[in-house]
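I have placed the structure first, in the form of structure tokens, so that the comments after it can refer back to it.
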Amino acid sequence: MSGPFQLTHDDLAALSQFFPHLSFARQEQINALLHAATADFQAAPGSGKTTLLGAKLALMSARWPHERRGICILTHTNVAREEIERCLKSVPHGDSLLGYPHFIGTIQTFVNKFLAIPWLRTLGINLREIDEEDFADRFYGRAYPFCKAWVDVNAWERATTIRNVRYQGAELALVSDAETPLPATGKMIDSLRALKATMARDGRLRHADMFAYAEQALAKVPGLAEAVAYRFPNVFIDEMQDTNDIQLGVLSLVFNAGTIVQRFGDVNQSILNRGRSAAPNSFPGLGSLEVCTSLRFGMNFAAVANSVKAVGGEIDGQGPPCLAPPTLILYSDATAQQVIARFGNWIAGFLPSDEVEKLPVKAICAIKTEGNMRQKVGRHITDYFPQFDDAAAKTAPSQRSVGQLLRTAATHVTSSATEKRGAAARTALLLMVQKFGVSGYRDAKTWRELTLLGASNVEHISRLRGAARDIVLSPCDVSTDASCKTAILTLLVSLGDIIDGQVSAADLPVEWIVGASPNVADRQGSPNILLVETRNMKFPIHVATIASVKGETHLATLVLESCRRQRYDIKEVLPYLCGDKKAADVTDAMTEGQLMNIFVGASRPRKLLALAMHADRMNDRTRQKLEEVGWNVLDWTTVV
Amino acid sequence: MHVHRVSAENFRTFGACLNGKHLDILLNRGLNVLVGENDAGKTSIIDVMRYALLTTSNDFVRVEDDDFHIDAGNQATELWLEVELRGLSKPQQAALLDWLTLEAGAEPYLIIHLHARRRLGGVGGGRQSNPAVTVSCGKGGGGAEISSAARELIRATYLKPLRDAVAELRPKKGSRLSQVLRAHKDVKAEAENNFDKTKPDDKPTTLVEIMAQAQHRVSTRKVVTDVRDKLNDDFLKELSFDATPLISDIRVSADLTLAQILERLELTLRPPGGVSQDLVCERGLGYNNVLFMAAELLLLSNGGGDELALLLIEEPEAHLHPQLQARVLSMLADKAATKNIQVVVTTHSPNVASSAPVETLTLVCSGRPYRLSPGDTCLEPADYEFLRRFLDSSKANLFFARGVLIVEGPAESILLPALAEAAGRSFEANGISTISVGGVGLFRYARILQRKDGTKLPIKVACLGDSDIVPNDVSYVEGRQDKINKGQALTKDGKQHMRRKVADYTSAELIEVRQAKVDRAKGGSTEVFIADHWTLEYDLLRSGLAKAGYIAIQLEQAEGSKGYLTAVEYDKVYQEAGEAFDSLALFEPEEAIAADAYELLHSKRASKAIVAQYLAKMAKDGSLGTGDALLKALPPYIKSALDYLVPDEL
């Protein structure tokens, strides 16, 4: 095959049909679309990175010359994968990228599918559903008896060391991601190795182990890396800023100089330290291309974002004009818990009602709940919104809670809905059989094993399948703990003699019920939603962490102050917002992190941005300076 | 990419792994010839590949209830078939990445695993009664299901036995010829169509343009337009509804696409020389069969793509005369070696078996495959080349028999089947082949049927040889001791006179010499039977058949150079010789009669083959006796050989 795949200006002409409502006329977009060689694309928030990537992929798929070689699209999260899938489904030819020979999915899925899982199969390891928490609990529980002396020296830190044990590299070296490293030699480390190996043979592994096994496969199977690289001549990595060294390490073993790797991301939203990473694969690499135009917001918010942005060129705000200038809200101890509601009532006065339907309004904060009680108010979400429920905010269901799995099976709505729902239903049934099944069935590690065991008994198979179908198609009520228990008991009964004896509600493990009932973030009455009702309008404000809203577009965003190590983030960034300090000059990780959080928060909204901080931490000089650069400062320190 | 291993459990002849009755066979990269008697499992091996890989002809193949192995009256409820593909090229590895098996130190390879379970009825059995089949990858089928994308790459090309080559070559949708043509690198350009109706006489430059021009010319001929208009005006118009008129058109091809045009072309053989090349001359089924195979080979070698190049041919000998069978096999062997095509052939033809290199043969006996490649047999690698030349088609019978009698010369091969038949141990009825190798040294080729791994082939082989040690009272052969007795010099031209007679050896040496002959071939299921005295004829003259042997020699002498005896002459000689023998027997010991009578044969004044013919005739007409009586009269070593090959039922 000759040369890399190259799009031309003629191809771009098709974009106006694919995306009639979008324009791809800007030079930086055209550059990004036509760029054929390996490159990094540093994309500003709201620059339409995903749309751009989708457009590029759509154009490539229309002319893709290979029958059995594909494009590999790697994302950091399944949410991002689904977003790209949606984009591809909306254009002609786009859905051809969703199947063979292409790959679209997370880096973890990619590594598992092509490297780790086939290798585990050869090693005779039958992988169970990966559950990090479960692994840590089991491992610690079994290790503690022989690690007791070592752990108890500093239980707080060293328990984490044991809990975080994982394999690293092709040799499966035992390491731990924790403050205190594992001892290099000695009886204990030998015992830990043996325990880890035993659990591995039993199919209990963690995500990071899969990367180590992948490295092992690459080291031991001649030609494997070349085969993978040959299969995917073009690789796209989305949300590059969130990938870590382990992931990039394995990818770099596979994709060689002959592979065209294009990485998209926004380093300014990186959860890792910016500019610090000396790793050879750090993002963005030299000579990266920038996509700086944001269509999400106008120049006012762009100016705010630019003032707290550490890397790259200025964001050009070409989006719609804002409804109000960037606003700083000052609250007092007395009004802290009213800030969100008052914000709602305030914006209800001028938000266009049709837009409220389309885009969310969110109140976000960097810190969830932990914090020093002696610290002043403004520490974390619960200072503003005491009923915040962290479990309810989790998007991924726990693999240990049958209740959550049942709910996922019944309600998951995405492109690959049935597959997901079916998998959740099967996992739920597997958990039930493992706990309460008759001997034989009880040892099944996977659904496949379960069905193989049942192969001799047609009735058992049809019962298991029937139960899985019922879970998906006739959802059971798991809205309360009690109804969840009832639902599980009903299912156990429906499994008949697969279950050993009678199970009562009291026998059900507590963790099966955890997180089952509350959590539907988008359901009315969810604990993390505050409903705003005025005479002419009714809309919800979603309360969330900053980390959870990356990549989102809001109609209006309220960023709530938080505190880490006695430093309140909004107060810390005020000098940057005023223009007194340059974000690019920052070198300490703490400030970098806080700037990054405010950057992410400030770059979400389309029409309205507000930051909220305690009035005590504001002084007149700063307030005056802020107003000079265009900020609107509201004093909400008195109770209304 | 090629099939490296084929295995199966509980599939037809092949039983359970537990008792080692399953199938596990390695195949060569190039040519593989599966030989063996009917019902041995050759087709089942092919079918494992057809079921697991499916075929390019998209014929309907699926596991049926009767594919499940039956052992002692119990039919298995589950079976699996596994095909291991190795030697994947880089693009093949990449294309099949989703299904590869990874193993330390080996390039990634592919295992296709088919699992089938018989539905036993009961709950959930319902209407469906066909076995439930899943096809997945990896050893034991632990991996992902095989999708259609993978399927396209791993289809086998299958030619069924007694195929109808003429029908296969006919123009039709997806015909082989169209596939061959479509695989040509320049075919794309032929799809171009710039035919302009206003300039119909411009020279067409592509296949589609040629057809477009033809189409245009056809549709403007008066004959055609007349018929068409009549059809439209007189018939179709009356049948039409106003909104949807029916109007016909007469065309060369409904649609002027390259694909359709290619499917209209026909592959035929030219008439034989001497017949006008324009005449239609249907060639025989056999030649068309050859043409068909050639087209398949071309398609496999010419694709150059990533698809599996595996050709499964059942009985390539179908409809072919013996010499052509050999040529076809030579071509298959050649293409397999040079074009990177893997060919697996099943055959019942000794011609095919004998023209294949021995190392490509796999013997299939009662559900067990035995590869004949060096390393698998006890034959020395250096012997293979020789064995190939030696295996003319009559010797290749070896591979289709249930038992083999290997003898030194034509006399034995004429006489022994007749004796066995008369003695109630019929070779024919028991599937025993007799093979003459012409020299006891060649017995060692019986080692082709002996396994290095110590397993025993179920084919019994009996090697029948002369002792080559002359009895002492044979005066016309001079042994070393005779020379000494006569006081003659023992050496001549620097060479010692050979030890030839019993007296030349000590009794321990005699045993040793006989044992050496036995050891040349004995092993596995092969037993060696050495004449008790000297040669077949001599030993006959010393056995219960001495009189018959004597008569047969006289018959041969009476025939003389004339070459035949009339019935009257025969009866007369038979009578007289019998009487002569009887009177001799009154005075002479049997050793002396035998030595005297044998002299004619020893001095080549009488033909052993013709003597054997007369003996065989006597065996057939019952004059030698029948059943056990005859068996007891036989020289002991022959009786032992028959007992070994065809044991008495009781």
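When residues of segment A:231-242 are filtered for being outside any helix (DSSP H, G or I) and either under 19 Å from A:Glu290 (Cβ atoms) or outside the structural domain of A:His35 (by TED's automatic domain parsing) (or both), how many remain? Lay out the reasoning, then the answer.
Within segment A:231-242, the first condition is being outside any helix (DSSP H, G or I), and the residues that meet it are A:232-239.
From what's left, either under 19 Å from A:Glu290 (Cβ atoms) or outside the structural domain of A:His35 (by TED's automatic domain parsing) (or both): A:236-239.
Qualifying residue count for the region: 4.
From the list B:Ser89, B:Ser178, B:Ser148, which one is within 14 Å of chain A (Cβ to nearest Cβ), among the polar types (S, T, N, Q) and under 34 Å from the mean Cα position of the chain (by Cα)?
Working: B:Ser178 fails: within 14 Å of chain A (Cβ to nearest Cβ); B:Ser148 fails: under 34 Å from the mean Cα position of the chain (by Cα).
Checking each option against the conditions leaves just B:Ser89.
Quick one: would you say A:Leu450 is over 30 Å from B:Thr77 (Cα atoms), away from chain B (no Cβ under 14 Å) and in a helix (DSSP H, G or I)? Talk me through it step by step, then tell me what you get.
Values: over 30 Å from B:Thr77 (Cα atoms): no; away from chain B (no Cβ under 14 Å): yes; in a helix (DSSP H, G or I): yes.
Judged against the criteria, A:Leu450 is not a match.
From (1) within 14 Å of chain B (Cβ to nearest Cβ); (2) buried (at least 21 other Cβ atoms within 10 Å of the Cβ); (3) hydrophobic (A, V, I, L, M, F, W, C); (4) farther than 28 Å from A:Ala444 by Cβ, pick out the condition that doesn't hold for A:Ala229.
Checking A:Ala229 against (1) within 14 Å of chain B (Cβ to nearest Cβ); (2) buried (at least 21 other Cβ atoms within 10 Å of the Cβ); (3) hydrophobic (A, V, I, L, M, F, W, C); (4) farther than 28 Å from A:Ala444 by Cβ, the one that fails is (2).
Condition (residue is among the aromatic types (Phe, Trp, Tyr), at pLDDT 90 or above and assigned to a strand (DSSP E or B)) applied to segment B:55-73: is it met by at least one residue? It would help to see each step written out before you state the result.
We begin by selecting, within segment B:55-73, every residue among the aromatic types (Phe, Trp, Tyr); these are B:60, B:68.
Next, from what is left, pick out any that are at pLDDT 90 or above: B:68.
Checking which are assigned to a strand (DSSP E or B) leaves us with B:68.
Scanning segment B:55-73, I find at least one residue that is among the aromatic types (Phe, Trp, Tyr), at pLDDT 90 or above and assigned to a strand (DSSP E or B), so the answer is yes.
Quick grid of which residues meet (1) more than 27 Å from the chain's Cα centre (by Cα); (2) of a type in the set (D, E, K, R); (3) assigned by TED's automatic domain parsing to the domain that holds A:Arg342:
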| site | (1), (2), (3) |
| --- | --- |
| A:Cys563 | no, no, yes |
| A:Ile570 | no, no, yes |
| A:Gly579 | yes, no, yes |
| A:Ala584 | no, no, yes |
| A:Thr591 | no, no, yes |
| A:Ala602 | no, no, yes |
| A:Leu611 | no, no, yes |
| A:Asp616 | yes, yes, yes |
| A:Val629 | yes, no, yes |
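Of the conditions (1) modelled with pLDDT of 90 or more; (2) touching a Leu at 6+ places or on another chain (Cβ under 8 Å), B:Glu103 clears all except one; give me its number.
So the condition that B:Glu103 fails would be (2).
Search segment A:549-577 for residues being free of Cβ contacts under 8 Å to residues at least 40 places away in the same chain and of a type in the set (Lys, Arg), and hand back the single one that is farthest from A:Glu628 (Cα to Cα).
The selected residue is A:Arg565.
Determine if segment A:118-132 includes at least one residue that is closer than 14 Å to A:Asn234 by Cβ, in a helix (DSSP H, G or I) and either within 12 Å of another protein chain (Cβ to nearest Cβ) or charged (D, E, K, R) (or both). I'd like the intermediate steps shown before the answer.
As a first pass, look at segment A:118-132 and keep what is closer than 14 Å to A:Asn234 by Cβ: none.
Within segment A:118-132 (the criterion being closer than 14 Å to A:Asn234 by Cβ, in a helix (DSSP H, G or I) and either within 12 Å of another protein chain (Cβ to nearest Cβ) or charged (D, E, K, R) (or both)), the answer is no, since none of the residues qualifies.
In segment B:151-165, how many residues are touching a Lys or Arg at 6+ places or on another chain (Cβ under 9 Å) and away from chain A (no Cβ under 14 Å)? Steps first, answer last, please.
We begin by selecting, within segment B:151-165, every residue touching a Lys or Arg at 6+ places or on another chain (Cβ under 9 Å); these are B:152-153, B:156, B:158.
Subsequent filtering for residues that are away from chain A (no Cβ under 14 Å) retains B:156, B:158.
Residues that pass the stated criteria total 2.
Could you grab the pairs with beta carbons closer than 6 Å, sequence gap of 6+ or different chains, first residue in segment A:328-354 and of a type in the set (D, E, K, R), second one in a loop (DSSP other than H, G, I, E, B)?
Short answer, once both residue conditions are applied: A:Asp333/A:Val377.
For A:Ala544, indicate whether it is within 24 Å of the chain's Cα centre (by Cα), more than 25 Å from A:Asp481 (Cβ to Cβ), at pLDDT 90 or above and surrounded by 14 or more Cβ atoms within 10 Å (Cβ to Cβ). Lay out the reasoning, then the answer.
Numbers: within 24 Å of the chain's Cα centre (by Cα): yes; more than 25 Å from A:Asp481 (Cβ to Cβ): no; at pLDDT 90 or above: yes; surrounded by 14 or more Cβ atoms within 10 Å (Cβ to Cβ): yes.
No, not satisfied.
Just for segment A:11-64: of the residues that are among the aliphatic types (A, V, I, L, M) and surrounded by fewer than 17 Cβ atoms within 10 Å (Cβ to Cβ), which one is nearest to the chain's Cα centre (by Cα)? Reasoning before the result, please.
Here is the first cut: in segment A:11-64, the ones among the aliphatic types (A, V, I, L, M) are A:12-15, A:22, A:25, A:30, A:32-34, A:36-37, A:39, A:43-44, A:52-53, A:55, A:57-60, A:62.
With the extra rule that they be surrounded by fewer than 17 Cβ atoms within 10 Å (Cβ to Cβ), the set shrinks to A:13, A:22, A:25, A:30, A:34, A:36-37, A:62.
Values: A:Ala13: 34, A:Leu22: 27, A:Ala25: 31, A:Ile30: 29, A:Leu34: 29, A:Ala36: 29, A:Ala37: 28, A:Ala62: 30 Å.
In this case the residue turns out to be A:Leu22.
With (1) modelled with pLDDT of 95 or more; (2) crowded, with 21+ Cβ neighbours inside 10 Å; (3) within 14 Å of chain B (Cβ to nearest Cβ) as the list, and A:Lys220 as the residue in question, which single condition is left unmet?
(2)
Just for helices (runs of 4 or more DSSP H) wholly inside segment B:542-608: which have at least 3 residues that are of a type outside the set (Ser, Thr, Tyr) and surrounded by fewer than 11 Cβ atoms within 10 Å (Cβ to Cβ)? Don't jump to the end; show me each part of the working.
Details: elements: B:546-559, B:567-587, B:590-602.
Hits in segment B:542-608: B:567-587.
Being crowded, with 20+ Cβ neighbours inside 10 Å, in contact with a Lys or Arg (Cβ under 9 Å, 6 or more places away or on another chain) and not in a strand (DSSP E or B) is the requirement here; does B:Ala52 meet it?
Numbers: crowded, with 20+ Cβ neighbours inside 10 Å: yes; in contact with a Lys or Arg (Cβ under 9 Å, 6 or more places away or on another chain): no; not in a strand (DSSP E or B): yes.
Here the answer is no, as B:Ala52 does not meet what is asked.
Just checking, does segment B:493-510 include any residue being of a type in the set (Phe, Trp, Tyr) and under 30 Å from B:Val358 (Cβ atoms)?
So in segment B:493-510, the residues of a type in the set (Phe, Trp, Tyr) come out as B:505.
Right, trim to under 30 Å from B:Val358 (Cβ atoms) and you get none.
Within segment B:493-510, not a single residue is of a type in the set (Phe, Trp, Tyr) and under 30 Å from B:Val358 (Cβ atoms).
Exactly one of these conditions fails for B:Thr43: (1) within 14 Å of another protein chain (Cβ to nearest Cβ); (2) of a type in the set (Ser, Thr, Tyr); (3) touching a Ser or Thr at 6+ places or on another chain (Cβ under 9 Å). Give me its number.
That leaves (1) as the condition not met.
Kindly indicate whether any position in segment A:244-265 is away from chain B (no Cβ under 14 Å), under 28 Å from the mean Cα position of the chain (by Cα), more than 30 Å from A:Val291 (Cβ to Cβ) and of a type outside the set (Val, Ile, Thr).
Initially, segment A:244-265 is screened for residues away from chain B (no Cβ under 14 Å), giving A:244-253, A:257, A:260-265.
With under 28 Å from the mean Cα position of the chain (by Cα) added as a condition, the list becomes A:244-253, A:260-265.
Adding the requirement that they be more than 30 Å from A:Val291 (Cβ to Cβ) leaves none.
Scanning segment A:244-265, I find no residue that is away from chain B (no Cβ under 14 Å), under 28 Å from the mean Cα position of the chain (by Cα), more than 30 Å from A:Val291 (Cβ to Cβ) and of a type outside the set (Val, Ile, Thr), so the answer is no.
A quick yes/no check of all residues on (1) within 14 Å of chain B (Cβ to nearest Cβ); (2) under 29 Å from A:Pro527 (Cβ atoms); (3) surrounded by 22 or more Cβ atoms within 10 Å (Cβ to Cβ); (4) at pLDDT 75 or above:
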position	(1), (2), (3), (4)
A:Gln399	no, yes, no, no
A:Gln404	no, yes, yes, yes
A:Arg407	no, yes, yes, yes
A:Phe436	no, no, no, yes
A:Ala444	no, no, no, yes
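Mind checking which residues of segment B:167-194 are under 29 Å from B:Ala318 (Cα atoms) and in contact with an Asp or Glu (Cβ under 8 Å, 6 or more places away or on another chain)? So that I can check it myself, show each step before the final result.
As a first pass, look at segment B:167-194 and keep what is under 29 Å from B:Ala318 (Cα atoms): B:167-183.
Within segment B:167-194, B:Leu169, B:Arg170, B:Pro171, B:Lys172, B:Lys173, B:Gly174, B:Ser175, B:Arg176, B:Leu177, B:Ser178 meet the criteria.
Could you go through segment A:495-510 and let me know if any residue there is aliphatic (A, V, I, L, M), surrounded by fewer than 19 Cβ atoms within 10 Å (Cβ to Cβ) and at pLDDT below 80.
Step one: filter segment A:495-510 for residues aliphatic (A, V, I, L, M), giving A:495, A:498-499, A:503, A:505-506, A:508, A:510.
Next, only the ones that are surrounded by fewer than 19 Cβ atoms within 10 Å (Cβ to Cβ) stay: A:503, A:505-506, A:510.
After this cut, where a residue has to be at pLDDT below 80 as well, the list is A:510.
Within segment A:495-510, one or more residues are aliphatic (A, V, I, L, M), surrounded by fewer than 19 Cβ atoms within 10 Å (Cβ to Cβ) and at pLDDT below 80.
Does segment B:72-83 include one or more residues that are within 14 Å of chain A (Cβ to nearest Cβ) and surrounded by 20 or more Cβ atoms within 10 Å (Cβ to Cβ)? Write out each step before concluding.
Start the filter on segment B:72-83 by keeping residues that are within 14 Å of chain A (Cβ to nearest Cβ), which leaves B:76-80.
Of the ones still in play, those that are also surrounded by 20 or more Cβ atoms within 10 Å (Cβ to Cβ) are B:79-80.
Within segment B:72-83 (the criterion being within 14 Å of chain A (Cβ to nearest Cβ) and surrounded by 20 or more Cβ atoms within 10 Å (Cβ to Cβ)), the answer is yes, since at least one residue qualifies.
Out of (1) modelled with pLDDT of 85 or more; (2) over 30 Å from B:Glu209 (Cα atoms), the odd one out for B:Glu296 is which?
(2)
Could you list all residues from segment B:115-131 that are more than 9 Å from every other protein chain (Cβ to nearest Cβ) and modelled with pLDDT of 80 or more? First the steps, then the outcome.
Here is the first cut: in segment B:115-131, the ones more than 9 Å from every other protein chain (Cβ to nearest Cβ) are B:115-116, B:118, B:126-131.
The answer is B:His115, B:Ala116, B:Arg118, B:Asn130, B:Pro131.
Taking the stated definitions as given, is A:Ala197 at pLDDT 95 or above and assigned by TED's automatic domain parsing to the domain that holds A:Gly249?
Working: at pLDDT 95 or above: yes; assigned by TED's automatic domain parsing to the domain that holds A:Gly249: no.
Judged against the criteria, A:Ala197 is not a match.
If A:Ile364 meets every condition in (1) surrounded by 19 or more Cβ atoms within 10 Å (Cβ to Cβ); (2) outside the structural domain of A:Glu572 (by TED's automatic domain parsing) apart from one, which number is that one?
(2)
May I ask you to list the residues in segment A:149-158 that are free of Cβ contacts under 8 Å to residues at least 24 places away in the same chain, surrounded by 12 or more Cβ atoms within 10 Å (Cβ to Cβ) and under 14 Å from A:Ile189 (Cα atoms)? Walk me through how you get there before you give the answer.
Taking segment A:149-158 first, the residues free of Cβ contacts under 8 Å to residues at least 24 places away in the same chain are A:149, A:151-153, A:155-158.
Next, from what is left, pick out any that are surrounded by 12 or more Cβ atoms within 10 Å (Cβ to Cβ): A:151, A:157-158.
Scanning segment A:149-158 gives A:Val151, A:Arg158.
The values are calculated or read from the model by the stated rules, or taken from the named source; none is laboratory data. Quick caveat, the model's predicted, so the values are computed rather than measured. We place every Cβ from the backbone using ideal geometry, glycine too, and count neighbours over all the protein chains shown.
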